[in-house]
Amino acid sequence: MRSKLSITGVNLRNDQPFVPTTVDEYIDMVHNPEARQALIRLREIIRDEAPEAEEVISYRIPLYKLNGMLIGFAAFKNHCSLFPGHTVRDFEDQLKDFKISKGTIQFKPNNPVPEELVRSMVRARKLENLEALDSKR
């Protein structure tokens, strides 16, 4: 029998591979209720901090763009991830309780990245992207 996992490891609701085209579709295909709720909350925080950001699916995951890549998130079989890019290194001290790597923060759905920390990362990325845009002018 064919696996019910997509490339991102999200459990699909049927046997057919499905590539989401919207963030709503992506979130709807996440089977784990805790993971789905964690992604919904991340989406709310990101949209609150960057309402003008464009919401897209890129590399089969939700990403937000505003003068460049802002932040993204995804659900996997055993964890969720937040993708703030290289900004991770600027917040390493505050991320000691999470598994981090270059550009990625892994967390369990029942232990999400604190809201204020996500907000700080989104604000930092917005400022960085704006400064990069200004330097090109």
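The numbers here are math on the coordinates, done by the rules we state, and not lab data. Everything numeric in this text was worked out from a predicted model, so none of it was measured.
Multiply the residue separation of Leu127 and Ile57 by 0.36 nm, subtract the distance between their alpha-carbon atoms, and state the gained length in nm to one decimal.
Full extension of this stretch gives 23.0 nm more.
What is the helix-to-structure angle for 33-49, meaning the angle in degrees between its Cα long axis and the longest Cα principal axis of the chain, kept from 0 to 90 and rounded to the nearest 10?
Result, in degrees: 20.
Springs between alpha-carbon pairs under 10 angstrom, Gaussian network model over the chain: which of Asp93, Asp48, Asp24 fluctuates most?
Among Asp93, Asp48, Asp24, the largest GNM mean-square fluctuation belongs to Asp93.
Taking only Cα atoms, what is the 0 to 90° angle, nearest 10, from helix 115-136's long axis to the longest principal axis of the chain?
60
Relative contact order of the chain, please, whole-number percent, based on alpha carbon pairs below 8 angstrom and at least 6 residues apart.
Once normalised by length, the contact order is 22 percent.
To make sure I understand the rule: partners must be lysines, Cα under 18 Å from the Cα of Lys108, and not fewer than 8 residues away in the same chain. Which ones qualify?
Lys108 reaches Lys77, Lys96, Lys99.
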